[in-house]
Amino acid sequence: MSRRFRFAVVLSVLGVLWWFLLGVLERESQNAEERAANMVISQLRSALVIKGAEVMLSRGGRLAEHRGINPFELLEHQWGNYAGQCQGEEQAPATWCFRVGEQKETEYGPKGWLIYKPGQPITIDGRQANQQPLAWAVTNEFADRNGNGTREQEERLTGLKLAPVSLTEEAAQTQDAQR
């Protein structure tokens, strides 16, 4: 009888430890995905700063032409969780893709926005992601002299940046036009 009691106690202690271990593993996998996604955003922003400087230093370059570009194309690194252009509505968890918007024939390259579908609830770039994809678009930075957040004609463009947008196409285009 005492052996069975000890065996039951050992099993219950192991069960509690196993439950605790699973909680820690889930938390750590969330932290790893969050750090990886934020690292990608950071590297894309760095690449956009360099591209903006290159465009400004070139004689014929215009920053406005680069609005909506795919920032992954600026990096030579091949990302394992970057799927290229989005294929349909289904996207694998914890992956990035580039959704192309309406394309004009006069535009330089495909224009659209970057999509990330999280594998679990995390915070990316200060935004809470709960299994719903998040979107970013390449927009222009400008010298906001009056501090109203809207670009007027006399305020010049100063670079490229990655800005969060709503996932709907109309909202993304509206926000992109305002920046």
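Observations on the model:
Residue-by-condition table, conditions (1) touching a Leu at 6+ places or on another chain (Cβ under 6 Å); (2) without any contact (Cβ under 8 Å) to a residue 12 or more places away in the chain; (3) part of a loop (DSSP other than H, G, I, E, B):
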position: 115; (1), (2), (3): no, no, no
position: 123; (1), (2), (3): no, no, no
position: 136; (1), (2), (3): yes, no, no
position: 147; (1), (2), (3): no, yes, yes
position: 153; (1), (2), (3): no, yes, yes
position: 159; (1), (2), (3): no, no, no
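- Selection count where residues are touching a strand residue (DSSP E or B) at 6+ places or on another chain (Cβ under 8 Å) and open to solvent by less than 60 Å² (accessible area, probe 1.4 Å), scope the range 42-74: 14
Conditions (1) basic (Lys, Arg); (2) touching a residue at least 60 places away in the same chain (Cβ under 8 Å); (3) within 16 Å of residue 73 (Cα to Cα); (4) part of a helix (DSSP H, G or I), marked per residue:
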{"site": "7", "(1), (2), (3), (4)": "no, no, no, yes"}
{"site": "17", "(1), (2), (3), (4)": "no, no, no, yes"}
{"site": "47", "(1), (2), (3), (4)": "no, no, yes, yes"}
{"site": "55", "(1), (2), (3), (4)": "no, yes, yes, yes"}
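Each row is one residue, and each column tells you yes or no for (1) surrounded by fewer than 19 Cβ atoms within 10 Å (Cβ to Cβ); (2) among the polar types (S, T, N, Q).
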site: 76; (1), (2): yes, no
site: 90; (1), (2): yes, no
site: 97; (1), (2): no, no
site: 112; (1), (2): no, no
site: 116; (1), (2): no, no
site: 125; (1), (2): yes, no
site: 132; (1), (2): yes, yes
site: 135; (1), (2): no, no
site: 138; (1), (2): no, no
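- All positions within the range 27-45 that are farther than 18 Å from residue 76 by Cβ and either among the aromatic types (Phe, Trp, Tyr) or without any contact (Cβ under 8 Å) to a residue 24 or more places away in the chain (or both): 27, 28, 31, 32, 35
- Number of positions in the range 57-89 that are closer than 23 Å to residue 151 by Cβ, of a type in the set (D, E, K, R) and not in a loop (DSSP other than H, G, I, E, B): 1
The values are calculated or read from the model by the stated rules, or taken from the named source; none is laboratory data. Remember, it's a predicted structure, so these values are computed and weren't measured experimentally. Methodologically, a virtual Cβ is constructed for each residue, glycine included, from the backbone with ideal geometry; neighbour enumeration extends over all protein chains shown. The protein model used for the area step is the full one, side chains on, heavy atoms only, and it has no ligands, DNA or RNA in it. Shrake-Rupley method; radii C 1.70, N 1.55, O 1.52, S 1.80 Å.
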